[in-house]
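Reviewing the structure listed below.
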Amino acid sequence: MDTDWPTLLPVLLQSVQETLVMVTATIVLSGIAGLIIGAALYASRPGNLFEQPVVFGILNVIVNIVRPIPFIIFITAIGPLTLLVVGTTIGTAAAILPMTLMASVVIGRVVEQNLVAVDPGIVEASRAAGAGRLRTLFSIVLPEALAPLILGYTFMLIAIVDMSAMAGVVGGGGLGNFAIMYGYQQFDWNVTLVTVTVIIVMVQVAQLVGNWVSQLILRR
Amino acid sequence: MSDIDPHIRFISIFKEYPSPRGKESSVKALDGVSLDIARGSVVGIVGYSGAGKSTLVRLINGLELPTSGSVVIDGTDITGLPETKLQKVRSRIGMIFQHFNLFGSRTVAGNVGYPLKIAGWSRENIKARVTELLRFVDLEDKADVYPRRLSGGQKQRVGIARALATSPEILLADEATSALDPETTTEVLGLLRRVNQEFGTTTVVITHEMAVVRELCDNVVMMEKGRIIEAGSTYSLFSNPVTDTTRKFIATAIQGTPSAATLERLRARHPGTIVAIEINEEYGSSEVNRMLAAAQVTGTVVFGGVTEIGERPLGTLTYELTGPPEAITAAIEQIAAHTRTEVLSSQQPQKEVSHGH
């Protein structure tokens with residue numbers, strides 16, 4: 001069976017662009033939100049800088065509730081919220097909201113885990129030097145965890161590419177949508193193969209860059 | 001260790017931690033500690049792990065707060081101070097750590113300059129002061145290196161430079177040499193002594209190594225189970241320990257009387273009377289020799305050693321004494337009148353060599 005590439009190529013490029021938009025918007029928004037959630041989880045943990053057992057407990061429960069929900073179900077479950085915020089539940093913009101919410105929670109956990117691994121002795125040294133708690137958090141704890149944080153973010157970037165494929169279900173467009181519409185549903189194995197290849201290349205590039213940057217930081 | 005103007009003063013401190021499971025009994029880290037630390041002195045806090053040393057020292061810079069009691073520094077009670085005031089107090093107190101706790105994300109210069117940055121110094125002033133500090137610890141060429149490239153001794157010198165950045169009047173050292181090899185330990189102790197001598201920094205040293213106390217401290221505080229069990233000048237504590245714990249610690253730093261096993265071996269080799277005689281600044285081995293000679297007793301050193309504590313000699317020498325039994329008894333009595341003397345083994349009767357013909 002011949003694939004009609006002259007027709008499909010522009011659609012493929014359009015899909016790549018949609019995926020890039022969704023992934024970029026999500027990683028930026030959830031990257032910031034996740035950093036805040038993670039730092040708050042770390043700092044409010046009993047025995048840590050801002051020790052707030054109640055805050056920690058609440059955040060922890062929220063993260064634990066949201067994280068295990070399969071993303072495909074999560075998208076539909078928060079449909080009403082998406083409608084309220086974005087004005088529609090269909091399209092790329094509508095996909096970015098659930099992606100960002102889910103990714104923020106997961107990144108929050110990733111950030112927390114990397115910060116917890118920072119030697120408490122270093123935190124004590126900063127406090128002993130007269131530094132305030134916020135200063136210790138931002139100018140000592142975060143930079144100490146930078147290399148593993150970058151690897152964590154790289155991991156999340158790839159997980160977000162994965163999420164974006166499911167956004168196709170709600171008409172979010174992107175490569176996932178492309179593979180299903182023109183590959184699976186048309187019984188065109190070539191299209192699926194090409195799409196998978198494009199995704200693999202994108203993921204590889206992201207992983208290579210992440211590894212390289214974190215190595216740069218680790219090597220100092 | 002009372003003095004008119006104590007630099008650091010602990011007044012009946014109790015510190016309890018909630019027990020790990022949050023049930024009934026809490027853990028008592030400090031159980032009624034009162035202590036004055038004189039300005040410009042070097043004090044060693046000694047004890048087994050869990051004795052409360054770390055907690056006691058962290059009260060000084062408010063990293064720990066007492067459950068009750070107060071900590072007075074320079075006449076100011078710091079126990080009730082709000083966090084921002086405590087930060088000011090901390091920035092005037094340097095601290096060094098067993099595992100150095102350098103910031104891996106900052107260069108050596110970045111580490112040393114950090115306390116100054118917090119104190120609001122300008123960039124040029126920080127740069128000048130960091131250069132000065134790195135010269136003091138002899139690491140000028142390492143300014144732009146990251147800590148992981150340094151050896152243990154170099155790391156601790158960076159730690160010391162960082163602790164001294166704001167010219168603190170108090171320096172806290174938490175097991176500062178425990179992770180270092182003997183040679184590096186000597187180097188770091190020398191540096192700490194120099195700090196005390198050149199800047200008059202009141203230095204509080206936590207350690208479990210009596211060798212560190214011997215080399216560095218003017219005074220010693222022995223702790224056990226959250227209490228001070230013994231305190232005094234290093235020399236008096238070494239020469240006159242009261243508690244068993246202190247005695248055990250001291251035995252690790254000065255070669256005292258032989259152990260039971262050693263004594264058995266000594267007896268096998270030396271049939272004479274074996275006596276352990278304490279040597280101190282008032283009563284040295286020449287005095288021992290003179291008295292033995294006067295009593296016409298032959299004395300041979302078979303075990304022991306003399307070391308310097310606070311630049312004063314101290315040790316125990318174990319002698320084998322041979323001669324007429326009455327002369328030996330008289331000599332021992334005479335020596336015992338001047339210094340601590342312990343007869344470990346009496347002269348063994350000459351074995352008759354009978355061949356059973």
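The values are calculated or read from the model by the stated rules, or taken from the named source; none is laboratory data. None of the values given here were measured: they were computed from a predicted structure. Because the Cβ atoms are built from the backbone with ideal geometry, glycine has one as well, and the counts that use them run over all protein chains shown. Accessible surface areas use protein heavy atoms only, side chains included; no ligands, DNA or RNA. Shrake-Rupley method; radii C 1.70, N 1.55, O 1.52, S 1.80 Å.
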Sorted largest first, the C-alpha extents of the stretch A:97-220 along its principal axes in whole angstrom are 66, 30, 15
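Taking the convex hull of the alpha carbon atoms in the stretch A:21-120, what volume per residue do you get, in Å³?
For the stretch A:21-120, the hull spanned by Cα atoms encloses 96 Å³ per residue.
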Based on Cα coordinates alone, diagonalise the gyration tensor for the stretch B:137-228, multiply each eigenvalue by 5, take square roots, and list the semi-axes in whole Å, largest first.
24, 16, 12
Table column - 3J(HN,Hα) (Hz), the stretch B:86-96, Karplus curve with 6.51, -1.76, 1.60, x for Gly and Pro
4, 4, 5, 4, 4, 5, 9, 10, x, 9, 10
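For chain B, what relative contact order do you get, as a whole percent, if you take Cα pairs closer than 8 Å and at least 6 residues apart?
Values: 667 pairs, mean separation 60.0, N = 357.
Value for chain B: 17 percent.
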Note every residue of the stretch B:84-107 with a reduction of at least 50 square angstrom in accessible area, all protein chains present versus the isolated chain, computed with a 1.4 Å probe, or write none.
B:Q87, B:R90, B:N101, B:F103, B:S105
Once you put a point 7 Å from the Cα of B:Q255 and another 7 Å from the Cα of B:S236, both along the Cβ direction, what distance in nm separates them?
3.0 nm
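Could you order peptides A:12-24, B:295-307, B:89-101, A:198-210 by the average number of other Cβ atoms within 10 Å of their residues, highest first? Before the final figure, lay out each step's value.
Numbers: A:12-24: 18.8, B:295-307: 17.2, B:89-101: 22.6, A:198-210: 14.5.
Descending packing order for the listed peptides: B:89-101, A:12-24, B:295-307, A:198-210.
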For labels at A:L13 and B:A330 in the simple 7 Å Cα→Cβ model, what's the distance in nm?
11.9 nm
Cα centroid separation, the stretch B:291-315 to the stretch B:171-236 (Å):
28 Å
Helix B:108-118 vs. chain B, principal-axis angle (Cα, 0 to 90°, nearest 10):
60 degrees
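For peptide B:165-176, compute the average count of partner chain beta-carbon atoms within 10 Å of each residue's beta-carbon.
Mean partner shielding for this stretch: 1.
In what order, largest first, do B:K155, B:K127 sit by accessible area if the probe radius is 1.4 Å?
Result, largest first: B:K127, B:K155.
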Could you work out the mean count of beta carbons from other protein chains within 10 Å of each residue's beta carbon in A:115-126?
4
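Treat chain B as a sphere of radius equal to its Kirkwood radius over Cα pairs and apply Stokes-Einstein at 10 °C in a medium of 1.306 mPa s; give the translational diffusion coefficient in µm²/s, rounded to a whole number.
Details: Rh = 23.2 Å.
Value of D from the Cα-based Kirkwood radius: 69 µm²/s.
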Running a GNM on chain A with Cα contacts under 10 Å, which residue among A:G168, A:G79, A:G121 ends up with the highest mean-square fluctuation?
A:G121
Bin width 5 Å, origin at 0, all Cα-Cα pairs of chain A: what percent of pairs per bin?
1, 7, 13, 15, 16, 14, 12, 9, 6, 4, 2, 1, 1, 0, 0
So how much accessible area does B:S54 have, in Å² to the nearest 10, using a 1.4 Å probe?
50 Å²
Debye calculation, C-alpha points only, no solvent: report log10 I(q)/I(0) for the stretch A:48-93 at q = 0.21, 0.29 Å⁻¹, in the same order as the q values.
-0.77, -1.00
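Which whole-number percentage describes the relative contact order of the stretch A:43-110, with Cα contacts under 8 Å and a sequence gap of 6 or more? If you can, show how the numbers build up before the last one.
Working: 43 pairs, mean separation 16.5, N = 68.
Reported relative contact order: 24 percent.
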Could you compute how much accessible area chains B and A hide from each other, both sides summed, with a 1.4 Å probe? Nearest 100 Å² is fine.
1900 Å²
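May I ask you to derive the relative contact order of chain A, considering only C-alpha pairs under 8 Å and at least 6 residues apart, and to give it as an integer percent?
Details: 258 pairs, mean separation 59.8, N = 220.
Once divided by the residue count of chain A, the mean separation gives 27 percent.
Given a Förster distance of 22 Å, report the FRET efficiency between B:H338 and B:T307 from their Cβ-Cβ distance, rounded to the nearest 0.05. Before the final figure, lay out each step's value.
On the way: r = 20 Å, r/R0 = 0.90.
Working from the Cβ atoms, E equals 0.65.
Taking only DSSP H segments of four or more residues, each worth -39500 (n - 2.57), what value at 222 nm results for chain A once the sum is divided by all its residues, to the nearest 500 deg cm²/dmol? Write down the numbers at each step before the final one.
Numbers: 10 runs with 164 residues, N = 220.
Helices in chain A give a 222 nm mean residue ellipticity of -25000 deg cm²/dmol.
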Filter the cross-link list B:K88/B:K155; B:K53/B:K127; B:K127/B:K155; B:K15/B:K88; B:K117/B:K155 down to pairs whose alpha-carbon distance in this structure exceeds 31 Å.
B:K53/B:K127
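Would you work out the charge dipole size for the stretch A:66-220 about its Cα centre, treating the Cβ of every Lys and Arg as +1 and the Cβ of every Asp and Glu as -1, and quote it to the nearest 20 debye? Walk me through the numbers before you get to the answer.
Values: 7 positive and 6 negative charges, 79 e Å.
In total the dipole reaches around 380 debye.
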Rounded to a whole number, what is D in µm²/s for the stretch B:230-329 from Stokes-Einstein with the Kirkwood radius over alpha-carbon pairs (20 °C, 1.002 mPa s)?
147 µm²/s
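Given the alpha-carbon gyration tensor of the stretch B:2-153, what are the semi-axes of its equivalent ellipsoid in whole angstrom, ordered largest first, with each equal to the square root of 5 times an eigenvalue?
Values: eigenvalues 216, 75, 50 Å².
Over the Cα atoms of the stretch B:2-153, the semi-axes work out to 33, 19, 16 Å.
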Give the angle, between 0 and 90 degrees and rounded to the nearest 10, that separates the Cα long axis of helix B:260-269 from the longest principal axis of the Cα atoms of chain B.
40 degrees
What part of the accessible area of the protein assembly as shown, given as a whole %, is carbon or sulfur when the probe is 1.4 angstrom?
58 percent
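Please list A:V86, B:V158 from largest to smallest accessible area, probe radius 1.4 Å, with all protein chains kept in place. Before the final figure, lay out the partial values.
Values: A:V86 55, B:V158 0 Å².
Solvent-accessible surface, decreasing: A:V86, B:V158.
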In what order, largest first, do A:L59, A:L151 sit by accessible area if the probe radius is 1.4 Å?
A:L151, A:L59
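Please give the average number of partner chain Cβ atoms lying within 10 Å of the Cβ of each residue in A:135-142, rounded to a whole number. Don't skip to the answer; put the middle values down first.
Numbers: counts 3, 1, 0, 0, 6, 5, 2, 1.
Per-residue shielding by partner chains comes out at 2.
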So the FRET efficiency between B:A268 and B:R227, C-beta based with R0 = 56 Å and rounded to 0.05, is 0.85
At q = 0.15, 0.22, 0.23 Å⁻¹, base-10 log of I(q)/I(0) for the stretch B:20-105 (Debye sum, equal scatterers on each alpha carbon):
-0.70, -1.32, -1.38
Using 0.36 nm per residue, how much length does the chain from B:D31 to B:D5 gain when fully extended, once their Cα-Cα distance is taken away?
6.9 nm
Distribution of pairwise C-alpha distances over the protein assembly as shown, 20 Å bins, in %:
17, 34, 26, 15, 6, 2, 0
q = 0.18 Å⁻¹, the stretch B:231-282: log10 I(q)/I(0) [Debye, one scatterer per Cα]
-0.71
Once the in-chain neighbours fewer than 8 apart are removed, the aspartates and glutamates whose Cα is under 12 Å from B:K28 read B:E16, B:E224
Solvent-accessible heavy-atom area per residue, rounded to whole Å², over the stretch B:229-357 at 1.4 Å:
57 Å²
Size of the stretch A:129-177 as Cα extents on the principal axes (Å, biggest first):
55, 18, 9
Are there any helices in chain A, counted as whole DSSP H runs, that stretch 15 Å or more along their axis by Cα and score at least 0.0 on average by Kyte-Doolittle, and if so which?
A:5-44, A:53-66, A:92-116, A:146-167, A:189-218
